[in-house]
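*Asks:* Pasting in a structure now, in structure tokens, and then I'll have a few things to ask.
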Amino acid sequence: MFSLTDPFRRRPAALARLPRIVRIYILNAVFGFALAAVFTGLVLWFDVAGIGHLVTHVAGGWFAAAIFFVLNGIVFAGVQSGIAIMSLGRDEGPGGGPREAALVTAPIKERV
């Protein structure tokens, strides 16, 4: 079974030897770049702000699209990895909330 908190447990063997946090980071970075590919494709397909037209009609436009993909991939991978890593410490069990005050007794010196 695949787990987002412990990816690559079974295969490939080279990744299975890595520490758990590194495996999580690699998986989420790949997922972030996949999201960036979809985002870049949609921006080009729907010609947002004329970017699709520029990419297809200007010399070197595909180089600009590649840079757009890589930069968005870095952002999406960072966000995705950050969300995954910050979600690791979340305890879904009972508890939490404000702590109740505890009554502590201490001797008081009396002035005469």
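The values are calculated or read from the model by the stated rules, or taken from the named source; none is laboratory data. As the structure is a prediction and not an experimental result, all values here were calculated from the model. Note: ideal-geometry Cβ built from the backbone for every residue, glycine included; neighbour counts use all protein chains shown. Only protein heavy atoms, including side chains, enter the accessible area calculation; ligands, DNA and RNA are left aside. Shrake-Rupley method; radii C 1.70, N 1.55, O 1.52, S 1.80 Å.
*Asks:* If residue 74 satisfies every condition in (1) surrounded by 12 or more Cβ atoms within 10 Å (Cβ to Cβ); (2) modelled with pLDDT under 90 but one, which is the exception?
*Replies:* Of (1) surrounded by 12 or more Cβ atoms within 10 Å (Cβ to Cβ); (2) modelled with pLDDT under 90, only one is false for residue 74: (2).
*Asks:* Which residue pairs have Cβ atoms closer than 9 Å, lie 6 or more positions apart in sequence or on different chains, and pair a first residue in the stretch 29-52 that is farther than 11 Å from residue 68 by Cβ with a second residue that is hydroxyl-bearing (Ser, Thr, Tyr) and open to solvent by less than 80 Å² (accessible area, probe 1.4 Å)?
*Replies:* 29/81; 31/81; 32/81
*Asks:* So residue 39 passes all but one of these: (1) surrounded by 12 or more Cβ atoms within 10 Å (Cβ to Cβ); (2) among the aromatic types (Phe, Trp, Tyr); (3) on the phi < 0 side of the Ramachandran plot; (4) at pLDDT below 95. Which condition number does it fail?
*Replies:* (4)
*Asks:* Now, a different point. Residues 8, 31, 2: which one is modelled with pLDDT of 75 or more and either surrounded by 15 or more Cβ atoms within 10 Å (Cβ to Cβ) or within 24 Å of residue 87 (Cα to Cα) (or both)? Give the derivation first.
*Replies:* Details: 8 fails: modelled with pLDDT of 75 or more; 2 fails: modelled with pLDDT of 75 or more.
From the options 8, 31, 2, the qualifying one is 31.
*Asks:* Does the stretch 36-56 include one or more residues that are farther than 29 Å from residue 19 by Cα and either outside any helix (DSSP H, G or I) or in contact with a strand residue (DSSP E or B) (Cβ under 7 Å, 6 or more places away or on another chain) (or both)? Can you show your working first?
*Replies:* Residues of the stretch 36-56 farther than 29 Å from residue 19 by Cα: 38-56.
Those still in the list that are either outside any helix (DSSP H, G or I) or in contact with a strand residue (DSSP E or B) (Cβ under 7 Å, 6 or more places away or on another chain) (or both) too: 46-47.
Checked the stretch 36-56: at least one residue is farther than 29 Å from residue 19 by Cα and either outside any helix (DSSP H, G or I) or in contact with a strand residue (DSSP E or B) (Cβ under 7 Å, 6 or more places away or on another chain) (or both).
*Asks:* Does residue 108 satisfy being modelled with pLDDT under 90 and either open to solvent by 70 Å² or more (accessible area, probe 1.4 Å) or in a loop (DSSP other than H, G, I, E, B) (or both)?
*Replies:* Details: modelled with pLDDT under 90: yes; either open to solvent by 70 Å² or more (accessible area, probe 1.4 Å) or in a loop (DSSP other than H, G, I, E, B) (or both): yes.
The answer is yes for residue 108.
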